[in-house]
Amino acid sequence: MAYSDKVVDHFQHPRNVGSFGTSADVAKRTDVGVGIVGAPECGDVMQLQIKVNEQGLIEDAKFKCFGCGSAIASSSLATEWLKGKSVDEALTIKNTQIVEELSLPPVKIHCSVLAEDSIRAAIADYRKKNGVVAETTAAAH
Amino acid sequence: MAPKLPIFLDNAATTRCDPRVVEAMLPYFSEKFGNSASRNHKFGWEGEDAVELAREQAAALIGANPKEIIFTSGSTESNNLAIKGAAEMYAKAPVGQTGRGHIITATHEHKAVLDPCKRLQREGFDVTFLEPGEDGIITADMVAGAIRPDTILVTLMWANNEIGTINELPQIGKLCHEKEIILHTDATQWVGKMPTDVERDCIDLMSWSAHKMYGPKGVGALFVRRRKPRVRLEALIDGGGHERGMRSGTLNVTGIVGFGKACELCKEHMEQECERLVKLRRKLETELSKRIEVTQVNGHADKRLPHICNISFGFVEGESLMMGVKDIACSSGSACTSASLEPSYVLKALGVGDELAHSSLRLSLGRWTTEEEVDFAIEQIVKAVEHLRTMSPLFDLHKEGIDISKIVWQAH
Ligand SMILES: Cc1ncc(COP(=O)(O)O)c(C=O)c1O
Ligand code: FES
């Protein structure tokens with residue numbers, strides 16, 4: 001199976017790789033939301049972190065990913081899309097948009113679902129830390 | 001000299017046909033195109049002579065009599081014929097009943113052995129699937145422990161296609177002969193690479209395939225012992241009674257000629273080639289293990305084929321690793337590369353943890369693999385693993401001293 005040029009580009013030049021500190025640090029920071037989804041036994045773990053400013057805008061986003069090229073590209077793309085969005089706007093990002101942007105084949109749809117899940121998980125974490133009750137439901141898959 | 005890219009390190013999947021093999025085959029397409037079963041004219045005789053020469057070349061490679069060679073379409077067919085054919089022939093009860101006999105195989109066999117065994121299980125045979133140890137090896141003791149009074153067939157591969165480990169075949173052969181149980185071995189990855197003597201090694205049935213040993217695809221053979229014991233098989237394909245009635249159908253003369261030539265060349269080159277490949281494989285394994293932390297060579301360290309290396313790089317996923325080594329053609333045990341989204345069942349059978357199974361690469365060397373190519377592969381793999389680890393959340397956890405196997409992951 002050949003990869004689309006966009007997947008290859010994100011894979012070779014991933015955007016916003018990293019984190020805002022060690023797992024212990026970010027657990028304490030209320031301006032940072034952390035989403036980790038997947039499991040190593042399933043062959044995919046995606047970690048997404050958002051940094052939210054006082055106005056409620058996502059000022060920065062970082063990812064780390066253990067997964068296939070499509071999963072890496074999906075999470076890299078997600079960080080690009082998240083930056084500058086409000087938390088509410090971020091929740092409108094759908095895995096189908098990622099599939100379309102990266103021209104993912106059907107067998108790789110779950111990699112995009114993982115990206116959507118990690119966005120929701122990061123926002124839920126941010127809201128929990130800031131006393132907002134989470135009303136997000138994880139996309140079923 | 002920089003190697004020509006991409007580099008082919010997937011010789012366990014298939015090999016390049018040797019140009020000498022192609023040359024031997026060419027006349028049999030449009031000049032000597034006769035049907036080897038045509039007994040009454042020159043065209044037929046030419047075909048028959050060619051097939052008989054190939055039969056001698058194949059037999060010589062494994063220490064058999066030419067009469068004991070049955071040509072097939074490859075190892076999948078040979079395995080099916082051997083396993084189903086022997087089970088039906090030696091069954092202890094007729095079709096439709098249970099308790100038809102006991103068969104021994106192993107969990108990390110090729111699907112072309114497992115699936116026929118599973119079908120026989122549904123058809124009233126009992127099947128024991130032996131579990132290898134962590135080293136991937138099936139020993140004679142394991143087989144001895146599983147033999148029952150009603151055991152009719154043992155089918156165990158000589159060497160494993162994913163990890164290259166070698167089962168205790170001559171010892172298992174001796175055991176089966178003592179107990180008067182038919183022994184079949186899928187020797188697809190073994191024959192042509194390693195010295196084989198079906199007499200000395202006590203083999204009754206043996207499958208192998210041309211395209212894994214520098215011959216053409218779609219042709220192979222089954223060795224069927226003719227004396228001590230004389231093994232009989234129920235045919236799967238009925239028709240004109242070709243191949244001693246065990247495999248009807250006009251022979252693939254061209255392919256068989258190529259197969260014969262491939263066998264001859266393997267015999268001729270075996271010793272130096274084996275030595276050369278062991279050196280290259282060792283270099284690959286030691287360099288990668290030395291330069292990349294948390295690396296594991298899967299399967300027994302020494303009891304393995306010269307050309308297959310299976311290695312896991314912790315914290316990086318196999319499919320993305322293959323994408324990172326885009327100039328190297330190889331394969332991975334990762335789920336992301338498989339249609340079933342399951343990691344390699346072979347590595348799982350060895351008890352390799354799921355995450356290391358996802359992180360595995362199989363690199364398999366061949367007749368045209370050069371040291372320059374191996375050096376290039378080492379550099380590219382080291383670079384790709386480093387690149388992927390900068391992105392890996394698991395590598396971060398590892399560096400923070402957190403044991404990943406102890407984390408409870410949220411299921412999704
Ligand atoms: C151990 C083993 N058995 C059987 C096969 C199937 O061989 P063939 O492609 O000739 O049907 C292969 C190759 O895929 C193999 O490695
Ligand atoms: S993470 Fe496994 S297929 Fe994408």
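The values are calculated or read from the model by the stated rules, or taken from the named source; none is laboratory data. From a predicted model like this one, the values you see are computed outputs, not experimental measurements. Neighbour counts run over all protein chains shown; Cβ positions are idealised from the backbone, glycine included. In case anyone asks, the SASA skips ligands and DNA or RNA and just uses the protein heavy atoms, side chains included. Shrake-Rupley method; radii C 1.70, N 1.55, O 1.52, S 1.80 Å.
A few points about this structure:
- A:Lys128 being in a helix (DSSP H, G or I) and open to solvent by 30 Å² or more (accessible area, probe 1.4 Å): yes
- The residues of the stretch B:77-136 that are at positive phi and surrounded by 18 or more Cβ atoms within 10 Å (Cβ to Cβ), listed by number, are B:Gly101, B:Gly124, B:Gly136.
- The stretch B:1-30, subset under 21 Å from B:Gly218 (Cβ atoms) and free of Cβ contacts under 8 Å to residues at least 24 places away in the same chain, residue least open to solvent (accessible area, probe 1.4 Å): B:Pro27
Residue-by-condition table, conditions (1) within 16 Å of ligand 1 (Cβ to nearest atom); (2) touching a residue at least 40 places away in the same chain (Cβ under 8 Å); (3) crowded, with 21+ Cβ neighbours inside 10 Å:
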residue	(1), (2), (3)
B:Thr139	no, no, no
B:Ala159	yes, yes, yes
B:Glu162	yes, yes, yes
B:Thr165	yes, yes, yes
B:Leu169	yes, no, yes
B:Cys176	no, no, yes
B:Thr185	yes, no, yes
B:Val191	yes, yes, yes
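- The one condition in (1) open to solvent by 10 Å² or more (accessible area, probe 1.4 Å); (2) more than 18 Å from A:Val87 (Cα to Cα); (3) at pLDDT 95 or above that A:Lys51 fails to fulfil: (2)
- Within the stretch B:317-357, the set of residues being among the charged types (D, E, K, R), more than 8 Å from chain A (Cβ to nearest Cβ) and touching a Lys or Arg at 6+ places or on another chain (Cβ under 9 Å) comprises B:Glu342 only.
- Enumeration of residues in the stretch A:47-74 that are assigned to a helix (DSSP H, G or I), in contact with a Gly (Cβ under 9 Å, 6 or more places away or on another chain) and at the interface with another protein chain (Cβ under 9 Å from one of its Cβ atoms): A:Gly69, A:Ala71
- Taking the stretch B:144-179 as the range and being of a type in the set (Val, Ile, Thr) and either under 21 Å from the mean Cα position of the chain (by Cα) or outside any strand (DSSP E or B) (or both) as the test, the residues that pass are B:Ile147, B:Val154, B:Thr155, B:Ile163, B:Thr165, B:Ile166, B:Ile172.
- Any helices (runs of 4 or more DSSP H) falling wholly within the stretch B:283-374 and containing at least 1 residues that are over 21 Å from the mean Cα position of the chain (by Cα): B:318-324, B:354-358
- If the condition is being among the aliphatic types (A, V, I, L, M), more than 9 Å from chain B (Cβ to nearest Cβ) and in contact with a strand residue (DSSP E or B) (Cβ under 7 Å, 6 or more places away or on another chain), then the stretch A:13-46 contributes A:Val26, A:Val32, A:Val34.
- Residue match in the stretch B:266-281 (condition: under 26 Å from B:Glu168 (Cβ atoms) and within 15 Å of ligand 1 (Cβ to nearest atom)): no
- Test for B:Leu251: is it open to solvent by 70 Å² or more (accessible area, probe 1.4 Å), assigned to a loop (DSSP other than H, G, I, E, B) and under 16 Å from B:Ser78 (Cβ atoms): no
- Of everything listed in (1) assigned to a helix (DSSP H, G or I); (2) away from ligand 2 (no atom under 16 Å from the Cβ); (3) over 30 Å from B:Lys406 (Cα atoms), the single unmet condition for A:His10 is (2).
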